[in-house]
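The values are calculated or read from the model by the stated rules, or taken from the named source; none is laboratory data. It should be emphasised that the depicted structure is a prediction, and the values quoted were computed from it without experimental measurement. Cβ placement follows ideal geometry from the backbone for every residue including glycine, while neighbour counts extend to all protein chains displayed. Please note that ligands, DNA and RNA were not included when accessible areas were found on the heavy atoms of the full protein model with its side chains. Shrake-Rupley method; radii C 1.70, N 1.55, O 1.52, S 1.80 Å.
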Amino acid sequence: MIGDLILIFIFAIIWQKILKLKKENFREFIFELFIYFFVFFFTIVFYKFSSFLLSFIFDFGLFPSIVGVFALSFVLIYLPIRFFIYYLSKKNKLTFERRQKIIEKEINFLEFIIQGERDFQKAFIIFFTINIIIIFTLLNSFIDVFTHQKILDYSNEKKIDIKAEKIIQGTQGSSQGMENISETLHFLRIVDPKAYEKIVNNTNQFYFSQRSMKPVLAMAHMPEDYIEIDPVFSKPFDSLEDKIYFASLLVHESEHLKNFRHDGGFLINSLNYALLSTKCNPLTNYQYFSDIKRSIFMFGDEWCAQVSEVKFYKQFNINYKKDWMKHFEDN
């Protein structure tokens, strides 16, 4: 969290200087932009290597933040380069004349690949936008620390627990299915109270289907607000992993129920969809889209369900793409 803030602050300083030079001194702006672009390109090319090296220093677990590794790698490269240029200037090894010759070559290179000032402005805006997205993603991960509350709201604790027992008793299916629901909700109450609260507050009933639902293993039904579950989960759980996997389905489907707006009308539903798409889009949340193939075929609400599901897995250090997708396919 503090690291994110520091990196955002450093990015802001760098870009404040670049944009100021763009207005006041175009030649120096080109010089600084080339330094920034070199570091940016180098960081992307060697991202995997940087992630490998940083894993020896920082405990990333199985879900390192793509943007976090990128930003830290960028800063670790950029700052020494800036210091080296400062050192050369102080020692008169990078004189004003040499600096101007370098800038002249950079301008000639830009004129060769970009035709005209208008095209240069477009290219710069695109490059600037990409960097803003990266910085916004860091901010998004920072905000997530505060929004993912890990304790129950004590003022509503008793009310939530009473509703949870009512939902468990109203489960339609076998007695083993009801027991699995009960075990999973009590498990969630301990390990992820926020997920427990979300499921209980937004679900009216659990229903174990009489038929196979594959390839989908659970489905949220609105506006009745119940979750239909594949009969494979009517069997006794063999391990903690089974319970975690079943809990992840409930987390995913309850997110759909939470985001659904009853009788919202066209305008409210459209605004809600736009909000969900902005909040959960893969660009600012792609550390939670480990399986990119799934995100391609999703949309606003489904993106939010995917994000909530992978966030749930993350606290157990589960590799979503390698381990859990295999579990999904095996069942």
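Going by accessible area, probe 1.4 Å, with all protein chains left in place, what is the ranking of H256, H186, H221, largest first? Display every interim value, and only then the final one.
Numbers: H256 20, H186 85, H221 40 Å².
The most accessible residue leads, giving H186, H221, H256.
So, with a 1.4 angstrom probe, what is the percent of accessible area on the stretch 156-264 that is carbon and sulfur?
Values: 2650 of 5130 Å².
Looking at the stretch 156-264 in its full context, I get 52 percent from C and S.
Can you tell me the accessible area per residue over the stretch 177-288, all protein chains present, probe 1.4 angstrom, in square angstrom? If you can, show how the numbers build up before the last one.
On the way: 5200 Å² over 112 residues.
Averaged over the residues of the stretch 177-288, the accessible area is 46 Å².
Put Y273, Y78, Y207 in order of accessible area, largest first, 1.4 Å probe: what do you get? Mind showing how you got there, number by number?
Working: Y273 115, Y78 15, Y207 65 Å².
Ranked list, largest accessible area first: Y273, Y207, Y78.
Which of I168, F208, P223 sits farthest toward the positive end of the charge dipole of the stretch 158-229, with +1 on the Cβ of Lys and Arg and -1 on the Cβ of Asp and Glu?
P223
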